[in-house]
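Have a look at the structure below before the remarks.
The values are calculated or read from the model by the stated rules, or taken from the named source; none is laboratory data. Computed from a predicted structure; not experimentally measured. Counting neighbours? That spans all protein chains shown, and the Cβs are built from the backbone with ideal geometry, glycine included. To get the accessible areas, we keep the full protein, side chains included, count just its heavy atoms, and leave off ligands, DNA and RNA. Shrake-Rupley method; radii C 1.70, N 1.55, O 1.52, S 1.80 Å.
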Amino acid sequence: MELSTYDFGHLQNLSSSLLTSSTNCLMKCLNERPQPFSKSSSSLITAAKKNSQVPSSQGIQKSSEKRLSMILRSEAAIEAIERKASSPAVKNNRFSPKLVLEALDNAIRRKRWESALKIFDLLRNQHWYEPRCQTYTKLLIMLGKCRQPKKASLLFEVMLLDGLKPTVDVYTALVSAYGYSGLLENALEIIDDMKLMLDCKPDVYTYSILINCCTKLRRFDMITHILADMSCLGIECSTVTYNTLIDGYGKAELFDLMESMLTDMLETGTCLPDVFTFNSVIGAYGNSGMIVEMEKWFDEFQLMGIKPSVMTFNILIKSYGKARMYDKMESVMEYMSKRFIPPTIVTYNIVIETFKRGGNIERMEEFFLKMKHQGMKPNAVTYCSLVSAYGKAGLMLKIDSVMRQIENSDVILDTTFFNSIISAYGQAGDMKRMGDMFSLMKDRDCEPDNITFATMIHAYKAMGMVEAAQNLENKITMTEHSPGTFAITSNNILVYGNNILVLSNDTFKLVRRQ
C-alpha cells in the first residue's frame, strides 16, 4: 500500500456530518431536509479540513476549559429550573421563555431525558407556550437515543392532545425511538401508517433510519424487504442509505454484501462514495485483521479522488496495531508528520492502548509523554489504558502517580476508568484502595455497572473475604424484570439485565441470556 494523496474531484456537495458516524448522520437528517446536490466538492474539503485540524497546546487548553465551563453552566441551568419548578412559592406559569427553552435545550443535548420531560411539562404550562412539532421531534430523538420507547409513545400522544398534526420528521423520530430500542415491529407499524397518509408518506430518511436500526440489531434479514418497499414507493437510496448499509455489513463481516452495495452505489452515478464510505470499508477489513484487503481499498478510494482524513489514518494505526505490525503503525504516524497532518487525542489513545495490549510499558509511556509535550490533555480513555497496563504489570506505585495527576486536572472520569482501577487494586489484593475507588466513583457521579460489582466480588472471594463478598451481594437487588439491576445466581455467576457474567479464576466472560 502506497501512502499518497490525490486532489479532490467529481464529488458531490455532501454534508460534513457524514464524516462522523452513520447514527449521527441519520439523526441530523431528522431536522434537516435534503438539499440539492451540486458537482462541487468544496463542502467536503472544508469539512475534512475542519475535522482534521488540531489547535495549538494553548488552544487545546482554552477549548477544554471552555467546554468544561459550558457543561457546568448547562448542568446548573437544568438544576435551577427544576428547583424553581418544584418550589410552591414560584408561579409555574410565569417563567421567562429564554430561561425555560435554554434549560430544555441543555437537557436534551445532555441526554438527561427525565429532566427534559419535567422541563417540557413546565413549558406546556406557560401562558406564552405554543406547541411546535420541532420541539416534539427533538424530544423524540433524545428518547430514542436514551432507549425510552414507552416515554416516546406517551409523548407522541401528548403531541396529539396539543392539537398538532405530526410531520414526516416527527414520525421518523418515532421510528428511530422504537427501532433503536429493538422494537422493529412497532417501527414498521409507524411506517405502514405513514403510507396511508397523503401528506406524510415515509421518505428516504425514514427508511435510512429503519435500515440503520436493522444493522445495529443485526437484523439483516429485514433489509431486502425494506429496500423492496422503497423501490415500490419510488424512493431511491441516498448516500446516507448506502453508507449505512456498507458500514453495517462491514461491521458484521459480511464483506461480499458490503462490496456489492459499494458497487451499486458507484453504478447509480448520483450517490458517489465519500470519506465516510472510505473509512467504513477499510475499517471493516482492518478490524477483521484483513490487512491486504484494507491496503487495497485504501489505494482504490484514493484513485477515486477521495482524500483520507485523520479518522482514516487512525483506522490504519489501530488495524496495524491490532495485527502487531508496529513498524507499519509508526510509518503511518511518520507519514502524517511529514504531511503536516497533526494527530489527535484519539490517535495517541489508539497507540497507547496498542502498546498496553502488547505489554510494552516503555513505548506506551513514550507516546504518553509525547502527547503531553504536544499540549494534548489526557482524557479518561488515556488514563484507563495506563492504569490497566500498570495493574497487569503490578506497578502499583505508578497507578498512585496516575491518580495524583488526575487529582490535579479537570479530567472527567467515567465508569470504564473506575472499573480498570478497581480491578487493578483488586488483583493486587489492596482491598482498602479498591473500596476507596468505589467510594470515589460514587462521589464522581459514575454509576457502577455489572463489571464493577463482579470485579469487587471476585476480588473479595480471591482474598478469602467471603463475608465482605456476601455483604456486597446482599446489597444487589434481585429483580428479573428490571434491566438495570443485578442478581447473584451462584458463587460464580452475576446476572445483569439480559447479560450473564461468568467469573473464572482470572477473567470474566460476558454472555447474553437467551
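Pairs linking a residue in segment 357-377 that is over 21 Å from ALA323 (Cα atoms) to a residue that is aromatic (Phe, Trp, Tyr) and surrounded by 15 or more Cβ atoms within 10 Å (Cβ to Cβ), with Cβ atoms under 6 Å and 6 or more positions apart or on different chains, are MET371/TYR348. For the residues GLY305, GLY289, GLY321, the requirement of being in contact (Cβ under 8 Å) with a residue 12 or more places away in the chain, under 26 Å from the mean Cα position of the chain (by Cα) and at positive phi singles out GLY289. Restricting attention to segment 446-467, the residues being touching a Leu at 6+ places or on another chain (Cβ under 8 Å), assigned to a helix (DSSP H, G or I) and more than 16 Å from TYR425 (Cα to Cα) number 1.
Inspect segment 181-195 for any residue being over 22 Å from ALA228 (Cα atoms) and outside any helix (DSSP H, G or I) and give the result as yes or no. Yes.
Looking at segment 304-321, which of its residues are modelled with pLDDT of 95 or more and either open to solvent by 50 Å² or more (accessible area, probe 1.4 Å) or touching a strand residue (DSSP E or B) at 6+ places or on another chain (Cβ under 7 Å) (or both)? The answer is MET311, LYS318.
Selection of helices (runs of 4 or more DSSP H) fully inside segment 326-441 by the criterion of at least 2 residues being under 30 Å from ALA454 (Cβ atoms) and open to solvent by 20 Å² or more (accessible area, probe 1.4 Å) returns 345-357, 361-373, 380-393, 396-407, 415-427.
Of all residues in segment 255-273, those being surrounded by fewer than 18 Cβ atoms within 10 Å (Cβ to Cβ) and outside any helix (DSSP H, G or I) number 2. Applying a threshold of 8 Å to beta carbon distances and a minimum spacing of six or more residues, or different chains, the list of pairs starting in segment 251-277 at a residue that is within 18 Å of ARG219 (Cα to Cα) and without any contact (Cβ under 8 Å) to a residue 40 or more places away in the chain and ending at one that is part of a helix (DSSP H, G or I) and β-branched (Val, Ile, Thr) reads LYS251/THR215; ALA252/THR215; MET258/ILE246; MET258/VAL281; MET261/ILE246.
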